[in-house]
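A.B. asks: For reference, the structure I am asking about is given below.
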Amino acid sequence: MTNSRYTVADVMTTTVVTVTPDAGFKEIVAAMTQWQVAAVPVIEGEGRVVGVISEADLLAKEEFHRHRPGMIEQMRRLDDTAKAGSTHARELMTAPAVTVHADATLPQAARLMAGRRVKRLPVVDNRDVLKGIVSRADLLKVFLRSDDDLASEVRREVVDRLFPVSHHGVRVDVEDGVVTLSGTIRDSSLIPVAERLAHTVEGVVAVNCALTGP
């Protein structure tokens, strides 16, 4: 019922630090250090994302700097040992990159991050051209919405639509993101529906439902 869904476009960062496939190891480290980022998309041509380099991709070189892995360890950690000897982005990057589109919902982006075990996603268009980047911290921005903003949306998208006749008898209070619904409605069977829909409003932390029937 609620239709004001936040998407990746609402929370993503549009200024993105990137490198090209030919970027050298030191250039990559310098870019991450200068801009204080933990990962950079690798782009080619007009901005098409071909991979991502994270701090984890670079740490293998430090890990194996003085430690030469044995054959068993090499076989078990082929990717890491290969990256330890790499010097350019095309060899260091994780490819293909796990990406997301700007119109994806925040739960969709969160599930993708969790499922693929990544901390950030390059945001691309239908041609895989970079449009931004979204991190786990970005997905939490919706919880910074003001209580007044949340109360207005819960009333507009849940109470007014679900209870077109008795909505004036419903009170919506929000404190620190926790919504409290109280008052009397005509159809008590809709109480659990109201509670469930209030939970779906982006930025709501919890819902206390104190609605009663006639």
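A.B. asks: Filter region 101-137 for residues that are among the basic types (K, R) and under 17 Å from I43 (Cβ atoms) and give the result.
C.D. replies: R120, R127, K131
A.B. asks: Quick test for you: out of A151, A104, pick the one residue that is hydrophobic (A, V, I, L, M, F, W, C), surrounded by 14 or more Cβ atoms within 10 Å (Cβ to Cβ) and touching a Leu at 6+ places or on another chain (Cβ under 9 Å).
C.D. replies: A104
A.B. asks: Oh, and also: Identify the single condition in (1) surrounded by fewer than 17 Cβ atoms within 10 Å (Cβ to Cβ); (2) modelled with pLDDT under 95 that S182 does not satisfy, given that it satisfies every other one.
C.D. replies: Evaluating S182 over (1) surrounded by fewer than 17 Cβ atoms within 10 Å (Cβ to Cβ); (2) modelled with pLDDT under 95 leaves (2) as the failure.
A.B. asks: If you check P21 against the conditions, is it surrounded by fewer than 18 Cβ atoms within 10 Å (Cβ to Cβ), under 14 Å from A97 (Cα atoms) and assigned by TED's automatic domain parsing to the domain that holds A110?
C.D. replies: yes
A.B. asks: Would you confirm, using the coordinates I've provided, whether G213 is closer than 25 Å to A102 by Cβ and among the small types (G, A, S)?
C.D. replies: No: the conditions fail for G213.
The values are calculated or read from the model by the stated rules, or taken from the named source; none is laboratory data. Bear in mind that the values here come from a model prediction, so they are computed numbers and not experimental data. Please note: Cβ atoms are built from the backbone with ideal geometry, for glycine as well, and neighbour counts cover all protein chains shown.
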